[in-house]
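The structure under discussion appears below in the form of structure tokens.
Derivation of every value follows stated rules applied to the coordinates shown; laboratory data play no part. Quantities reported herein were computed from a predicted structural model and do not represent experimental measurements. With ideal geometry, Cβ positions are generated from the backbone for all residues, glycine too; neighbour counts draw on all protein chains shown.
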């Protein structure tokens, strides 16, 4: 006999390759679904929804009258019970940069 592969040998090799590709893609789909499930559970569970430590909060009863944005800054004109003020916030982490009364 000769060492030349026959059509049956080539079909068996391509069948094995096709089976390996299908198994690999199936594994990727299962992994992707696991990440989606973890994301949904973390959103519904409230993890990651906590306000950062330096985050700005309006005083009770205050109302935003005007808002402007600059690169990395948010400028708020706020009306409070004590009068008007301007609050400048950092958009990266939400902390108060300056308050002008």
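A few notes on this one:
- Counted by neighbouring Cβ atoms within 10 Å, the residues 96, 25, 89 run from fewest to most as 25, 96, 89.
- Classification of the stretch 51-99 by its C-alpha gyration tensor yields an oblate form. The axis ratio a/c (a ≥ b ≥ c) is 1.5 or more, and b/c is at least a/b.
- Net lengthening on full extension, residue 16/residue 28 (0.36 nm per residue, minus Cα-Cα): 2.5 nm
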